[in-house]
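The values are calculated or read from the model by the stated rules, or taken from the named source; none is laboratory data. Just so it is clear, the model here is predicted, and its values are computed rather than measured. Note that each Cβ is placed from the backbone with ideal geometry, even for glycine, and that neighbours are counted across all protein chains shown.
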Amino acid sequence: MKPQKFEVLFDGAYLCFALLAGVLFLCRGQILCAIWAWILCFGDAFHLLPRMQSLLKTPDDTVNQRMNRGLQISSITMTVFYILLYYIWQETYALTVSHWILVLIWITAILRIVICLLPQNQWGQPDAPMTLSLLRNGIFLITGLLVVYVFAKVSNWYMVVSILISFGCYLPVTIGSHKHPMIGMLMVPKTCAYIAMLLYFL
């Protein structure tokens, strides 16, 4: 199978699974988990659907614009995904953490979203400023590590490892995939880590 066809099938299966997971969560009364799954699904769909289209045929300017805008949207929804994951942790374990942990999660998440909204990011452009990419993703890493901390607090190493894998695969892609496209293959294990998180709460 050609790599392009594999990626299209993989991305399509991932989006369908995340959508179905949300439905299953809803049927089981796990409302917060359902919203969490759908945020992941629809946020990633903004980027993945035009990307799948570009892999199946020669992309035009419209598809490229949709794909670049999708990168911005999915970056924002990924941030919301981790905020919701904190509240799922809180709901699941009926625990609270230091007030400052929650404050830092919200501050870093809001900062990242604000930076993602800046037009200076030039999403998807080869000359996009690396400084903003490093800044928004550095802040995002702090958000992720704070969520890792709360799961480590209850010794949920499954979720700790899943989150660390997702960040460990995502960050090199955002930083180096423009110069080295093969790094983009790390998005496959990153996506598998998201699937693993959904499976855990299912």
Practice task
Any chance you could count how many residues in the stretch 159-202 are over 30 Å from residue 24 (Cα atoms), more than 14 Å from the chain's Cα centre (by Cα) and of a type in the set (Val, Ile, Thr)?
Solution key: 2
Problem - Complete set of residues in the stretch 18-35 that are buried (at least 18 other Cβ atoms within 10 Å of the Cβ) and either under 20 Å from residue 186 (Cα atoms) or among the charged types (D, E, K, R) (or both) - result: 18
Problem - Yes/no for residue 167 being under 20 Å from residue 130 (Cα atoms) and modelled with pLDDT of 95 or more - result: yes
Handout entry: Matching residues in the stretch 1-35 - criterion: being within 18 Å of residue 81 (Cα to Cα) and either outside any helix (DSSP H, G or I) or of a type in the set (Gly, Ala, Ser) (or both)
Key = 18, 21, 22, 30, 34
Exercise for the section: All but one of (1) over 17 Å from residue 90 (Cβ atoms); (2) touching a residue at least 60 places away in the same chain (Cβ under 8 Å) hold for residue 151, so report the exception by its number. Expected result: (1)
Handout entry: residue 38 vs. criteria surrounded by 15 or more Cβ atoms within 10 Å (Cβ to Cβ) and not in a helix (DSSP H, G or I)
Key = no
Handout entry: Unmet requirement for residue 108, which otherwise passes all of (1) free of Cβ contacts under 8 Å to residues at least 40 places away in the same chain; (2) crowded, with 18+ Cβ neighbours inside 10 Å; (3) within 13 Å of the chain's Cα centre (by Cα)
Key = (3)
Handout entry: Residues of the stretch 1-17 classified as of a type in the set (Gly, Ala, Ser) and either surrounded by 15 or more Cβ atoms within 10 Å (Cβ to Cβ) or touching a Cys at 6+ places or on another chain (Cβ under 6 Å) (or both), total
Key = 0
Completion exercise
Taking the stretch 114-127 and the residues there that are surrounded by 16 or more Cβ atoms within 10 Å (Cβ to Cβ) and more than 15 Å from the chain's Cα centre (by Cα), the one that is modelled with the highest pLDDT would be 115
Exercise for the section: Could you list all residues from the stretch 116-155 that are closer than 21 Å to residue 100 by Cα and outside any helix (DSSP H, G or I)? Expected result: 154, 155
